[in-house]
Amino acid sequence: SLYLYNPYEKRTVELPLTNCDAYISLLKCVIGTGILAMPYAFRCAGFLVAVGMSILLMVVLTYCVHLLIQGMTECCRRRQVPQVSMPEAMKIAYEEGPSLLHCLARMASCFTSCVLVFGQFLLCTVYLVFVAKNFKDVGDHYAGSYNEQYYVVGTSVLLLPIFMIRRLKFLVPLNLVSNFVLYTGFLMIMFYLLSDLPDIASRELVQPPIEWIEFFGIAAFSLTAVGSMLVVEANMAHPKEYLGIFGVLNMAVFSILLSNTLVGFVGYWRFGEEVHASITLNIPQNEIFSQCIKILIATGIFLSYPLNGFVVITVLFSEYSRDSEQSRGQIVIECVVRIVFLLLTAVLAASVPNLAALTEMEGAFSLSNLNFLCPSMIDLLLNYSIGYGRLKWKLFRDLLLILIGLIFGGVGCTMAMVQLKKELWSTLGYN
């Protein structure tokens with residue numbers, strides 16, 4: 001950068017996260033229902049394509065997160081402020097770009113805020129559907145069959161107290177407990193996955209390319225959570241150590257890739273074409289051991305909701321959240337928004353309980369906008385005045401990322417919306 005201002009030296013956080021806290025929070029915000037959908041994703045692509053594309057997708061997505069955070073840091077330098085949010089970075093980028101785009105700066109900022117909020121809204125809805133389905137699976141065995149909507153309502157009521165936690169630092173113990181019960185559940189579920197494995201030759205190495213689109217949507221959902229990643233970086237005590245080859249982000253991403261690939265590979269090997277949108281729905285319903293697995297994993301996902309909902313609150317209240325003192329009225333408004341957000345996710349979860357379609361929709365929407373379009377647009381506009389490097393390689397890179405984002409988002413979201421429309425019509429009683 002041509003600007004000497006160092007935003008990291010000026011940044012102050014009331015309750016900063018240590019590197020260990022940040023690593024735990026990153027695992028928590030990414031590892032969730034997505035890893036349990038990876039066997040289904042492997043079924044859509046086949047062993048060979050799924051493993052190769054998982055690695056490629058993770059490398060590209062992580063690179064884009066690096067590009068985004070570097071762009072946001074450059075925005076801090078140019079405005080000489082310690083910190084900016086993603087919508088603010090988009091606004092600054094438009095102001096630094098061609099003069100014709102200056103009038104669109106505020107609109108671009110608002111659009112980015114909407115994208116962040118809607119992406120996290122879909123993610124939290126997926127979490128509610130997942131928890132409700134698994135609790136229903138266990139509840140049906142002991143209390144008879146009840147409509148899934150009742151479990152959505154019950155889960156939402158139980159979520160309300162912990163969703164009222166307003167400081168990220170206070171969510172770290174919750175995230176630690178969530179990680180523990182999730183990984184305990186994952187280890188236990190491997191017992192079923194590794195027992196009675198069929199001949200691996202009976203599984204497909206490569207599926208028809210038309211099915212790869214669904215793989216990309218689910219894999220994207222399970223491999224990234226840009227909004228949460230930015231919140232973690234913004235609350236670190238040593239944000240310089242977040243990026244880099246052996247930075248906190250890369251270490252967490254590597255752990256996530258290993259976990260997702262292992263569960264996806266073994267899950268598809270074990271259940272083949274019969275694998276469900278969540279691997280927990282494939283294990284027996286009437287065994288105590290399998291019921292414990294479902295309860296553990298559902299509890300871990302349940303405890304993940306507050307962290308992902310925290311991103312929405314950060315976006316909506318970014319203007320006053322930096323102030324050390326907040327008025328009682330502001331706190332009351334934030335609590336009301338939290339309740340409304342939880343209520344809206346519950347309504348959607350009860351209306352469209354199609355886990356696979358919701359997962360694909362969230363993955364395609366967030367991936368295209370937050371991983372491809374926003375980082376590349378910020379970088380493209382910030383480099384407008386200083387050049388795009390030798391042979392304009394940065395320009396071609398950014399344009400390629402924008403093209404990939406548009407294609408992937410358009411195709412993935414369209415396919416998911418078709419499925420969601422059918423599910424909604426079915427729920428409302430229409431054929």
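Contact map, the stretch 70-92: first residue hydrophobic (A, V, I, L, M, F, W, C), second residue in a loop (DSSP other than H, G, I, E, B) and open to solvent by less than 20 Å² (accessible area, probe 1.4 Å), Cβ cut-off under 9 Å, separation 6 or more or different chains; pairs are M72/V84; C75/V84; C76/V84; I92/V84. In the stretch 157-173, the residues that are modelled with pLDDT of 85 or more form Cβ pairs under 8 Å with partners that are outside any helix (DSSP H, G or I), at six or more places apart or across chains, as follows: I162/L303.
Of all residues in the stretch 1-19, those that are assigned to a helix (DSSP H, G or I), in contact with a helix residue (DSSP H, G or I) (Cβ under 9 Å, 6 or more places away or on another chain) and open to solvent by 10 Å² or more (accessible area, probe 1.4 Å) total 3. For the stretch 260-291, a residue qualifies if it is under 21 Å from L27 (Cα atoms) and among the hydroxyl-bearing types (S, T, Y), and the qualifying residues are T261, S278, T280. Determine whether the stretch 45-52 contains at least one residue that is crowded, with 24+ Cβ neighbours inside 10 Å, in contact with a helix residue (DSSP H, G or I) (Cβ under 8 Å, 6 or more places away or on another chain), aliphatic (A, V, I, L, M) and within 22 Å of A237 (Cα to Cα). No, the conditions are met nowhere in the stretch 45-52.
Looking only at residues of the stretch 1-42 that are at pLDDT 80 or above and of a type in the set (D, E, K, R), we find that the one that is nearest to I279 (Cα to Cα) is D21. Based on what the data block shows, is E233 open to solvent by 40 Å² or more (accessible area, probe 1.4 Å) and of a type in the set (D, E)? No.
Restricting attention to the stretch 240-255, the residues that are within 21 Å of the chain's Cα centre (by Cα) and either open to solvent by 90 Å² or more (accessible area, probe 1.4 Å) or of a type in the set (D, E, K, R) (or both) total 1. Looking only at residues of the stretch 129-145 that are aliphatic (A, V, I, L, M) and either buried (at least 17 other Cβ atoms within 10 Å of the Cβ) or touching a residue at least 60 places away in the same chain (Cβ under 8 Å) (or both), we find that the one that is nearest to S290 (Cα to Cα) is V138.
Pairs linking a residue in the stretch 189-208 that is at negative phi to a residue that is of a type in the set (A, V, I, L, M, F, W, C) and assigned to a loop (DSSP other than H, G, I, E, B), with Cβ atoms under 9 Å and 6 or more positions apart or on different chains, are I189/I283; Y192/I283; L193/I283. Of the residues in the stretch 83-90, at least one is open to solvent by 40 Å² or more (accessible area, probe 1.4 Å) and either part of a loop (DSSP other than H, G, I, E, B) or under 27 Å from N134 (Cβ atoms) (or both). Only one of the numbered conditions (1) in a helix (DSSP H, G or I); (2) open to solvent by 40 Å² or more (accessible area, probe 1.4 Å); (3) closer than 26 Å to Q83 by Cα is violated by S25, and that is (2). Listed by first and then second residue, the pairs linking a residue in the stretch 339-362 that is modelled with pLDDT under 90 and polar (S, T, N, Q) to a residue that is open to solvent by less than 20 Å² (accessible area, probe 1.4 Å) and assigned to a helix (DSSP H, G or I), with Cβ atoms under 6 Å apart and 6 or more places separating them unless they lie on different chains, are T359/A37; T359/V126; T359/I218; T359/F221. The residue that is surrounded by the most Cβ atoms within 10 Å (Cβ to Cβ), among those in the stretch 93-107 that are part of a helix (DSSP H, G or I) and in contact (Cβ under 8 Å) with a residue 40 or more places away in the chain, is A93. Taking the stretch 281-294 as the range and being touching a helix residue (DSSP H, G or I) at 6+ places or on another chain (Cβ under 6 Å) and outside any loop (DSSP other than H, G, I, E, B) as the test, the residues that pass are Q291, I293, K294. None of I213, I162 is under 30 Å from P375 (Cα atoms), part of a helix (DSSP H, G or I) and open to solvent by less than 50 Å² (accessible area, probe 1.4 Å) except I213.
Residues to consider are E214, E148; find the one that is within 21 Å of F118 (Cα to Cα), in contact (Cβ under 8 Å) with a residue 12 or more places away in the chain and among the charged types (D, E, K, R). None of the others qualify; the one that does is E214.
The values are calculated or read from the model by the stated rules, or taken from the named source; none is laboratory data. None of the values given here were measured: they were computed from a predicted structure. Counting neighbours? That spans all protein chains shown, and the Cβs are built from the backbone with ideal geometry, glycine included. Note: areas computed on protein heavy atoms with side chains; ligands, DNA, RNA excluded. Shrake-Rupley method; radii C 1.70, N 1.55, O 1.52, S 1.80 Å.
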